[in-house]
Amino acid sequence: MNLLHDLYNILLPRKCVVCQNTLEPKEQYLCAACSVQLPRYPIQSIEDNEPLRKVWNFAPIQYGATLFYYRHQSDFHNIIIKIKYYGGAELGIKIGEWAAIETSHLQLAEKTDVIVPVPSDRKRERKRGYNQAELIAIGMGKIMHRPVKNLLTRKGTGTSQTKLGQTARRENTTGKYEAHIPLSWKGKSILLVDDVLTTGATIGNCAQALLAADPEAKISFFSLAFNT
Ligand SMILES: [Zn+2]
């Protein structure tokens, strides 16, 4: 591109967010090989799609979108694992930027006033030092030019939860969230952001909490991956 850009690449080589190989100058976020293999979720409409229907079981949501299918043992499954355990904050933000660019044709930004990450389990977040959904949200906010606000908090997890399996624990989220929406953010279009959507319960319960705090809010979601 230019000398400064080349120099930057030599000093800080840009890496593929999936396989971590060094990117060619023309590649952005993903190398060509990973780009071809991306198990993209084919969104026809953000007003009606499979993940959105899952969330409708829990809350009235306006729009919903996801980027790729979450499949175990694929490199794309590793994206989530890497953000969670290895990549650090920088990788999570980059993945958020990438997700926003990849889905820009869906025009979610035009339907969003504020981006709100799904809060993580506090104990796990303390261990890692960050919330992966928030990192994705920050990256998306940079590209979409929308503010990111932590309007949701997760209430303390009860002891009964420790007896449940990991999936059950994650899905057993009814009443686990509460929202605090300042007056200036009432009546706005909120884009909820999470890393993986499975049953839709987490996004749905977050939406319920937001709507309890502001019945005039219009809620949509973006989930990086969709676990069918
Ligand atoms: Zn790659």
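FYI, it's all coordinate maths here, none of it is from the lab. The structure displayed is predicted, hence computed values, not measured ones. Cβ coordinates were reconstructed from backbone atoms using ideal geometry, including for glycine residues, and neighbour counts include every protein chain displayed.
For Ile43, Ile136, the sequence from fewest to most other C-beta atoms within 10 Å is Ile43, Ile136.
Which of Cys34, Cys19 has the fewest other C-beta atoms within 10 Å, and how do the rest follow up to the most? Can you show the working numbers first?
Values: Cys34 19, Cys19 13.
With the sparsest Cβ surroundings first, the list reads Cys19, Cys34.
Taking 0.36 nm per residue of sequence separation and removing the Cα-Cα distance, the Leu3/Glu216 pair yields an extension gain of 71.6 nm.
Between Gln107 and Ala32, the modelled label-to-label distance comes to 3.3 nm, taking each label 7 Å out from Cα in the direction of the beta carbon.
Sequence-distant contacts, meaning Cα pairs under 8 Å at least 6 residues apart, place the relative contact order of region 11-155 at 20 percent. When Lys218, Lys186, Lys15 are sorted by how many other C-beta atoms sit within 10 angstrom of their C-beta, beginning with the fewest, the order is Lys186, Lys15, Lys218. Here region 188-228 and region 64-98 have alpha carbon centers that stand 18 Å from each other. In the structure shown, the pairs Lys176/Lys218; Lys15/Lys54; Lys15/Lys149; Lys54/Lys82 are assessed against 23 Å; a Cα-Cα span above that value is assigned to Lys15/Lys54; Lys15/Lys149; Lys54/Lys82.
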